[in-house]
Amino acid sequence: MLPIRKVTLRELRLPLVEAFAISTGTQAARRILLVEVTDAEGASGWAECVAPEHPNYLPETIDIAWLSLQEWLVPHLLSSGVAAPAPASRLLASVVRGHRMAKAALEMALWELEARQQGVSLSRLLGGTRAQVETGISIGIQSDPETLARKAQRHHAEGYRRIKLKIKPGADVRYVAAVREALGDEAPLSVDANASYRRNDVEALRALDRFGLAMLEQPLGWDDRRQHAALQAELRTPICLDESIRCLEHAQEAIELQSARIVNIKPGRVGGFGAAQAIHDLCQRHGVAVWCGGMLESGIGRAHNVALASLPNFVHPGDISPSRRYWERDIVNPEWTMANGVVDVPVHEPGMGVRVDLDRVDDLSVRQQVLDATAPRSRS
Ligand code: OSB
Ligand code: MG
């Protein structure tokens, strides 16, 4: 690959069509960090950092990710002359500990650029085999069970292949019961607690066993794998880990301990596509199913998730809803759409398969920074 000449960071603010509540907080708008890498011939690769505004999912936030990219990750990349994603990822891992969401954004932008340079789709460059990915929806915590049931029913009718309900202590069994009643026994249903239960809440969690859920996502601590193993042994419902799996080693440990039967892979959470592929392959070898989660991404992050979800062991529907579920208008053309509960993988387009709406990105940007190979590095 040609060397990277500059990296542009942009922050956008995009209001959500509907506020989204999880156990640890509600958001009405998304602050989005975009990374654009530009090579010596002026070709660009794009990616989106999934770090949210507040540290209520994992410790990383958008402001920390911006700082980390600006001060350490981008300067190291630019001064190294490395542009291929795998060596870039190794380089960044060797000089910066953690900061996986920031690393992921940079690494994924390099993958997107490489796909464009090679004239192949990001999906196929990653090893994707599907032409379509199944779509699920994640519904935020609602004021009462009836409201949730109505929403779930509407989305089920729209064709989503799986409905995921956000839960927390006190907004769980009655809510799930109302939805199961409204949707019937056959509808694929799951729940996501975002680490809001403790080990001794096992009675509330065991009460969910009777609803035939496809999975119970991240019930216990965000950095726990051990207690999840003990909990899994007491539940019929498969546990799926999200927050607790942030690198390949966490996935290895979870498999050894039998902490989960399913893993949610978000490339932006695990440090990028290289780590996502490695976790995918490891899980496949051990008979652990994976699926692609979401972080309320714009059309750029969504493109990366669609590409990853086209790999063969992504066997459950992803949290990859169409653009309209999140935004009045997306920042890519064409927008992401869903038909019959599936999203098409743009396998015939080079790169991520959608065009960035640069005018709209400019309009929505609240800050922008261009880092190039000549700029002095403020810290090493
Ligand atoms: O835990 O999967 C999660 C959104 C923000 C933070 C964490 C999570 C989520 C979702 C949204 O569930 C899924 C989506 O992008 O549609
Ligand atoms: Mg989750």
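The values are calculated or read from the model by the stated rules, or taken from the named source; none is laboratory data. Note that the structure is a prediction, hence the values are computed from the model and not measured. Cβ: placed from backbone, ideal geometry, glycine included. Neighbour counts: every protein chain shown. Only protein heavy atoms, including side chains, enter the accessible area calculation; ligands, DNA and RNA are left aside. Shrake-Rupley method; radii C 1.70, N 1.55, O 1.52, S 1.80 Å.
General remarks:
- Scanning the stretch 275-311 for residues being closer than 28 Å to Arg329 by Cβ and within 16 Å of ligand 1 (Cβ to nearest atom) gives a total of 19.
- Residues that are crowded, with 22+ Cβ neighbours inside 10 Å, farther than 17 Å from Ala19 by Cβ and among the aliphatic types (A, V, I, L, M) within the stretch 153-166 comprise just one, Ile163.
Rundown of residues vs (1) within 17 Å of Lys6 (Cβ to Cβ); (2) of a type in the set (A, V, I, L, M, F, W, C); (3) modelled with pLDDT of 95 or more, yes/no style:
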| residue | (1), (2), (3) |
| --- | --- |
| Pro85 | no, no, yes |
| Ala88 | yes, yes, yes |
| Ala93 | no, yes, yes |
| Val96 | no, yes, yes |
| Met101 | no, yes, yes |
| Arg116 | yes, no, yes |
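- Some residue of the stretch 269-289 being open to solvent by less than 20 Å² (accessible area, probe 1.4 Å) and either within 12 Å of ligand 2 (Cβ to nearest atom) or of a type in the set (S, T, N, Q) (or both): yes
- Total residues in the stretch 167-222, condition among the hydroxyl-bearing types (Ser, Thr, Tyr), within 15 Å of ligand 2 (Cβ to nearest atom) and in contact with a helix residue (DSSP H, G or I) (Cβ under 9 Å, 6 or more places away or on another chain): 1
- Count - residues of the stretch 225-251 that are touching a Leu at 6+ places or on another chain (Cβ under 9 Å) and among the acidic types (Asp, Glu): 2
This table checks each residue for (1) at pLDDT below 95; (2) crowded, with 24+ Cβ neighbours inside 10 Å; (3) of a type outside the set (Gly, Ala, Ser).
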residue	(1), (2), (3)
Pro312	yes, no, yes
Ile320	no, yes, yes
Arg324	no, no, yes
Trp327	no, no, yes
Thr337	no, no, yes
His348	no, no, yes
Gly351	no, yes, no
Asp357	no, no, yes
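- Given (1) open to solvent by less than 30 Å² (accessible area, probe 1.4 Å); (2) away from ligand 2 (no atom under 16 Å from the Cβ); (3) under 28 Å from Leu58 (Cα atoms), index of the condition Gly293 fails: (2)
- Tally, over the stretch 277-305, of residues that are in contact with a Lys or Arg (Cβ under 8 Å, 6 or more places away or on another chain) and of a type in the set (Gly, Ala, Ser): 4
- Out of Thr135, Thr147, one residue alone is of a type in the set (Ser, Thr, Tyr) and surrounded by 24 or more Cβ atoms within 10 Å (Cβ to Cβ). It is Thr135.
Rundown of residues vs (1) at positive phi; (2) outside the structural domain of Ala104 (by TED's automatic domain parsing); (3) of a type outside the set (Val, Ile, Thr); (4) more than 25 Å from the chain's Cα centre (by Cα), yes/no style:
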{"position": "Val173", "(1), (2), (3), (4)": "no, yes, no, yes"}
{"position": "Ala178", "(1), (2), (3), (4)": "no, yes, yes, yes"}
{"position": "Asp192", "(1), (2), (3), (4)": "no, yes, yes, no"}
{"position": "Gln218", "(1), (2), (3), (4)": "yes, yes, yes, no"}
{"position": "Asp224", "(1), (2), (3), (4)": "no, yes, yes, no"}
{"position": "Cys240", "(1), (2), (3), (4)": "no, yes, yes, no"}
{"position": "Ser244", "(1), (2), (3), (4)": "no, yes, yes, no"}
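- Considering residues of the stretch 81-110 that are among the small types (Gly, Ala, Ser) and open to solvent by less than 40 Å² (accessible area, probe 1.4 Å) only, the residue farthest from Lys266 (Cα to Cα): Ala83
- Of the candidates Glu112, Glu146, Glu134, Glu107, the single residue that is in a strand (DSSP E or B) and on the phi < 0 side of the Ramachandran plot is Glu134.
- If the condition is being open to solvent by less than 50 Å² (accessible area, probe 1.4 Å) and not in a helix (DSSP H, G or I), then the stretch 57-80 contributes Tyr57, Leu58, Glu60, Thr61.
- Among (1) touching an Asp or Glu at 6+ places or on another chain (Cβ under 9 Å); (2) open to solvent by less than 30 Å² (accessible area, probe 1.4 Å) - the single one Lys6 does not satisfy: (2)
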